[in-house]
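FYI, it's all coordinate maths here, none of it is from the lab. From a predicted model like this one, the values you see are computed outputs, not experimental measurements. Quick reminder, even Gly has a Cβ in these numbers, built from the backbone with ideal geometry, and neighbours come from all protein chains shown.
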Amino acid sequence: MLGLKLPTDPRWVNIVEKNIEDILTDHAYCEQKAASTAISLIVSFPEYTELVQEMIALVKEEISHFKMVHDRILDKGWTLGRDRKDDYVIKLVTFFPKGGSRTTQLVHRLLYAALIEARSCERFRLLSEELQDKELAEFYRKLMVSEANHYTMFLGFARQYGNREEVDKKWQDLLDFEAEIIKDLGKKETIHG
């Protein structure tokens with residue numbers, strides 16, 4: 001369903017199991033960055049009314065997810081750690097050239113967002129199936145469904161605002177690029193790393 005070309009190595013869950021505090025901190029910041037991305041799309045492309053409406057709803061949802069993860073951190077007696085750079089996203093956003101028309105820029109941002117959500121969904125599925133902590137596994141199962149909805153929403157908007165054939169070609173090329181990136185990741189206690 002997600003179209004990812006390379007699945008996450010299941011051994012990544014072993015790293016997560018040994019570093020739950022770190023993964024929760026990283027996850028909290030991922031939710032915060034997702035909300036920031038939605039706000040940025042509103043600010044950058046206010047004339048796309050349907051997109052703005054969906055991004056308003058997304059901001060609320062992502063911030064509620066941030067709170068859910070933060071509450072889980074507090075319930076375990078921890079505090080939110082510091083944010084770390086996301087090597088996955090840093091590498092991913094180098095794929096499309098800078099510039100181009102506003103529509104092209106929008107489509108590229110939507111495709112990046114779709115892919116980040118798709119990879120998060122895939123990772124959450126793995127956590128929901130493999131974590132020994134069944135409560136945390138169920139937590140990730142519920143979030144997995146949200147990530148899948150976000151992925152399809154972003155991809156749908158990219159196809160709506162761009163030329164469908166061109167967008168689908170860019171999407172496949174981006175998926176190929178992402179598969180190369182992911183080969184070197186999955187060895188850290190981060191959602192994408």
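Summary table below
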| item | result |
| --- | --- |
| Electrostatic dipole magnitude of the chain [Cβ: Lys, Arg +1; Asp, Glu -1; Cα centre; debye, to 20] | 320 debye |
| Added length on full extension, which subtracts the Cα-Cα distance from 0.36 nm per residue, LYS134 to LEU6 | 43.5 nm |
| Burial order of peptide ranges 64-77, 112-125 (average beta-carbon count within 10 Å, highest first) | 112-125, 64-77 |
| Pairs of Lys in the stretch 1-136 closer than 19 Å at Cα, counting only those 8 or more apart or on different chains | 9 |
| Candidate aspartates and glutamates - alpha carbon under 17 Å from LYS183, same-chain residues fewer than 8 apart omitted | ASP9, ASP86, ASP87, GLU122, ASP173 |
| Label-point separation in nm, LYS67 to SER44, each point 7 Å along Cα→Cβ | 2.7 nm |
| Label-point separation, SER36 to THR79 (7 Å along Cα→Cβ), nm | 2.1 nm |
| Residue-wise HN-Hα coupling along the stretch 14-21, computed from phi with Karplus coefficients 6.51, -1.76, 1.60 (Hz; x: Gly, Pro) | 4, 5, 4, 4, 7, 9, 4, 4 |
